[in-house]
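Undergrad: Dropping the structure in here first, questions after.
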Amino acid sequence: MALSAQQIPRWFNSIKLRSFINATQLTKQFPRPGKTLLNSFSARPELSSDDCFLQWGYKTYRTSSLWNSSQSPNSSRQESNSAQSTLLPVVNEQSEKTQKLPSFDSELSLEDLDDLPPLSSLQQVSEEEAIQIAAHPLLPPASYTLRDYVDHSETLQKLVLLGVDLSKIEKHPDTANLLLRLDFEKDIKQILLFLKDLGLHDNQLGTFLTKNYAIFSEDLENLKIRVAYLQSKNFSKADIVQMVRNAPFLLSFSVERLDNRLGFFQKELELSVKKTKDLVVRLPRLLTGSLEPVKENMKVYRLELGFKHNEIQHMITRIPKLLTANKRKLTSNFDYVHNVMNIPHHLIVKFPQVFNTRLFKVKERHLFLAYLGRAQYDPAKPNYISLDKLVSIPDEVFCEEIAKASVQDFEKFLKTL
């Protein structure tokens with residue numbers, strides 16, 4: 001394993017320290033020969049480093065022992081000097097070998113490195129040592145984007161592969177910090193398996209998790225309990241999947257809140273259980289969004305626009321979005337259709353999509369029909385034109401079937417407005 005730049009100086013220090021300890025133990029074990037040989041070459045200690053000093057003393061001792069065992073006790077001083085002269089090349093040769101830098105494969109635990117005192121950061125490092133240093137990019141201590149952490153986090157990498165848009169999640173710092181602390185295998189994988197068992201496809205997980213990023217902080221058992229509650233209310237698996245896909249935050253609401261929401265719509269709108277269930281399946285945001293727009297629109301339909309309660313029921317069951325539509329849009333569309341086009345309430349109730357249409361489109365087509373003398377919206381008279389056809393069909397069909405004119409004529413007329 002390659003050592004980091006901070007571990008290199010400490011590693012060299014440990015080598016020197018270990019060499020000195022081994023040398024001390026060796027001289028204690030062989031006091032006489034070792035002492036003699038060390039003294040005889042004390043005039044040239046600068047030929048080797050500390051590690052070289054250990055290996056040179058040990059090899060000299062072995063050579064000296066072999067020499068003494070092969071000679072008689074009465075050998076002459078000249079033979080002894082000759083023996084020493086034969087040892088000198090061995091010392092030089094060993095010194096040259098040991099002066100080379102030791103291999104980084106030497107056994108040294110990280111615990112030993114932690115116990116060593118730190119050396120100066122200005123210590124020179126050779127080119128060979130620098131090549132073996134593994135320099136990895138440091139993790140930024142703080143950042144405004146998750147992009148800086150993707151290369152270091154397996155969790156973020158796998159979420160990106162699933163299609164999660166991290167640029168939207170990083171706008172919520174608490175959630176972004178949570179993702180950096182989570183482990184994909186332990187914390188996220190079980191949530192993904194739960195969603196797949198629920199019925200979400202692989203290509204839908206990215207969009208779901210981008211919108212409901214808070215699901216990673218939910219307990220898996222609570223999620224299962226909420227699904228079981230919906231099943232107890234006779235919602236089919238297909239209904240639950242459709243609701244979760246269109247309203248990703250649905251599973252983040254407690255059972256008590258879901259139950260209160262269903263009870264509110266059933267009581268406020270005086271709908272049956274089946275109609276209430278169909279209403280929230282088609283527009284599951286009714287269970288997760290604010291109730292204030294719903295309450296406000298109910299007052300607008302009843303007090304400002306003058307619709308009866310049963311008429312309101314019919315319109316919202318046909319188009320559930322009318323419960324959360326913009327108040328200004330509702331009043332402006334009704335004012336033009338009812339007061340300018342002279343269409344009564346009961347006809348508007350039959351075609352409530354007029355509230356969900358852009359007002360300028362209704363104006364353009366009505367004025368063109370009035371210009372042609374074909375603006376007739378009374379079903380009891382000939383050439384009757386329903387609101388449904390007026391607002392729902394494309395321009396080509398409107399011109400050909402309703403206005404009995406060409407698209408070019410319609411475009412020329414629009415330029416005069």
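Undergrad: Counting only residues that are of a type in the set (Val, Ile, Thr) and outside any helix (DSSP H, G or I), which one in the stretch 303-334 is nearest to Lys363 (Cα to Cα)? Lay out the reasoning, then the answer.
TA: Just the residues of the stretch 303-334 that are of a type in the set (Val, Ile, Thr), to begin with: 312, 316-317, 319, 324, 331.
Then keep just the ones that are outside any helix (DSSP H, G or I); that gives 319, 324.
Working: Ile319: 22, Thr324: 23 Å.
My answer is Ile319.
Undergrad: Oh, and also: Filter the stretch 344-388 down to the residues that are among the basic types (Lys, Arg) and either assigned to a loop (DSSP other than H, G, I, E, B) or open to solvent by 50 Å² or more (accessible area, probe 1.4 Å) (or both) and list them by number.
TA: Lys350, Arg358, Lys361, Lys363, Arg374, Lys381, listed by residue number.
Undergrad: Any residue that is in contact with a helix residue (DSSP H, G or I) (Cβ under 8 Å, 6 or more places away or on another chain) and of a type in the set (Gly, Ala, Ser) - is there at least one of those in the stretch 283-305?
TA: No, the stretch 283-305 has no match at all.
Undergrad: Looking only at the stretch 173-188, count how many residues are assigned to a helix (DSSP H, G or I) and surrounded by 13 or more Cβ atoms within 10 Å (Cβ to Cβ).
TA: Of the residues in that region, 8 qualify.
Undergrad: Which residues, taken from the stretch 341-386, are farther than 17 Å from Thr331 by Cα and hydrophobic (A, V, I, L, M, F, W, C)?
TA: Leu367, Phe368, Leu369, Ala370, Leu372, Ala375, Ala380, Ile385
Undergrad: Given the criteria under 16 Å from Leu286 (Cα atoms) and part of a loop (DSSP other than H, G, I, E, B), does Phe235 qualify?
TA: yes
Undergrad: Looking at the stretch 295-309 only, could you name the residues that are within 21 Å of Val281 (Cα to Cα) and either open to solvent by 80 Å² or more (accessible area, probe 1.4 Å) or touching a Cys at 6+ places or on another chain (Cβ under 9 Å) (or both)?
TA: Lys295
Undergrad: Considering the stretch 200-241 alone, what residues qualify as being surrounded by 16 or more Cβ atoms within 10 Å (Cβ to Cβ) and of a type in the set (Asp, Glu)?
TA: Of everything in the stretch 200-241, just one residue is surrounded by 16 or more Cβ atoms within 10 Å (Cβ to Cβ) and of a type in the set (Asp, Glu), namely Asp239.
Undergrad: Among the residues in the stretch 110-117, are any assigned to a loop (DSSP other than H, G, I, E, B), open to solvent by 50 Å² or more (accessible area, probe 1.4 Å), at pLDDT below 90 and in contact with a Pro (Cβ under 8 Å, 6 or more places away or on another chain)? Write out each step before concluding.
TA: From the stretch 110-117, those assigned to a loop (DSSP other than H, G, I, E, B) are 116-117; that's our starting set.
The next check asks that each one be open to solvent by 50 Å² or more (accessible area, probe 1.4 Å); those that pass are 117.
Filter again for at pLDDT below 90, leaving 117.
If we keep only those that are in contact with a Pro (Cβ under 8 Å, 6 or more places away or on another chain) too, we end up with none.
No, that holds for no residue.
Undergrad: Taking the stretch 140-166, which residues are farther than 12 Å from Ala176 by Cβ, modelled with pLDDT under 85 and of a type in the set (S, T, N, Q)?
TA: none
Undergrad: Going residue by residue through the stretch 263-284, is there one that turns out to be assigned to a helix (DSSP H, G or I), open to solvent by less than 60 Å² (accessible area, probe 1.4 Å) and either of a type in the set (Ser, Thr, Tyr) or in contact with a Pro (Cβ under 8 Å, 6 or more places away or on another chain) (or both)?
TA: yes
The values are calculated or read from the model by the stated rules, or taken from the named source; none is laboratory data. Source: prediction; values computed, not measured. Methodologically, a virtual Cβ is constructed for each residue, glycine included, from the backbone with ideal geometry; neighbour enumeration extends over all protein chains shown. Calculation scope for accessible area: heavy atoms of the full protein, side chains included, ligands and nucleic acids excluded. Shrake-Rupley method; radii C 1.70, N 1.55, O 1.52, S 1.80 Å.
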